[in-house]
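Data block below; observations after.
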Amino acid sequence: MSVATRNGISADAPIAPPRVVRQRRIRPGLLGLAVLLIALGGLGSAFAVASVRSTGSYLAVARPVEVGQQLTADDLITVRVSGGQELRPIPTRRLEEVLELRAAVRLAPGTLLTDAQLTDAPLLGPGQQQLALGLKPSRVPAPTLHPGDKVLLFSTPDRSANADDGARGGATRFEATVIDTTPDNNDVVVYLALAVRDVPAVVVLAADDRIALVLTEAA
């Protein structure tokens, strides 16, 4: 005899065994990936913290500075850079030391200042003397000559000599380095560093207005 229940199921009907929920197995590969992601996240946080800690105050160029020009406080500004140690910029604390140096290369505004860009060597080297030449602008080989530019001085023919003497005589050349230039009325005065042995000959040629200037290497 079977007894009907409220749901219409017989009491003698077989009872289904309870379902056992199988636990999912965690794959070793996924576990390793999770550990790796956690490790990378930690490294990223450490790198961010280290970058913040490595922020420093450095010197940068505020305005154009020509080769050989001694730096002033107005030429420089202070900037804060994060992680700039790889560039080896000069820290702000060395400002007074930098102001005693000159530019070894032309400095452009907005660039970080490094030791390689500076020098304490004089433009007038050993065995050299300084000479000033007054030239017409049309005889200056560039719109602007900069300290450190390399030039050649050539002797031009003597107009007072006859044609045969001028044809037989070859031009003499002298190597020089530009120290500075300055306008003087309608002329341009070019200050040059020459070998001591060349100074007397160049002085004589300049007095006769027999000097031609050629730019060979820009600083």
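The values are calculated or read from the model by the stated rules, or taken from the named source; none is laboratory data. Bear in mind that the values here come from a model prediction, so they are computed numbers and not experimental data. Note that we place each Cβ from the backbone using ideal geometry, even for glycine, and neighbour counts take in every protein chain shown. We work out accessible area using only protein heavy atoms, side chains counted, and drop any ligands, DNA or RNA first. Shrake-Rupley method; radii C 1.70, N 1.55, O 1.52, S 1.80 Å.
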*Hey, can you tell me all the residues within segment 179-219 that are of a type in the set (Gly, Ala, Ser) and closer than 12 Å to Leu135 by Cβ?*
Ala206, Ala212
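Might you let me know whether segment 205-213 holds any residue that is under 19 Å from Pro64 (Cα atoms), among the basic types (Lys, Arg) and in contact (Cβ under 8 Å) with a residue 24 or more places away in the chain? Working first, answer last.
Keep residues of segment 205-213 that are under 19 Å from Pro64 (Cα atoms), which gives none.
Within segment 205-213, none of the residues are under 19 Å from Pro64 (Cα atoms), among the basic types (Lys, Arg) and in contact (Cβ under 8 Å) with a residue 24 or more places away in the chain.
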*Does segment 69-124 hold any residues that are more than 11 Å from the chain's Cα centre (by Cα), at pLDDT 85 or above, among the small types (Gly, Ala, Ser) and under 18 Å from Ala219 (Cα atoms), and which are they?*
Ala103
_Residue in segment 81-95 that is under 30 Å from Leu213 (Cβ atoms), among the charged types (D, E, K, R) and either open to solvent by 90 Å² or more (accessible area, probe 1.4 Å) or outside any loop (DSSP other than H, G, I, E, B) (or both) present_ = no
_segment 60-72 residues that are under 13 Å from Arg106 (Cβ atoms) and open to solvent by 40 Å² or more (accessible area, probe 1.4 Å), paired with ones that are outside any strand (DSSP E or B) and among the small types (Gly, Ala, Ser) (beta carbon under 9 Å, 6 or more apart)_ = Pro64/Ala108; Glu66/Gly148; Glu66/Ala219
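Considering only segment 96-108, state which residues are assigned to a helix (DSSP H, G or I) and surrounded by 14 or more Cβ atoms within 10 Å (Cβ to Cβ).
First, the residues of segment 96-108 that are assigned to a helix (DSSP H, G or I): 96-98.
Within segment 96-108, Val98 is the sole residue that qualifies.
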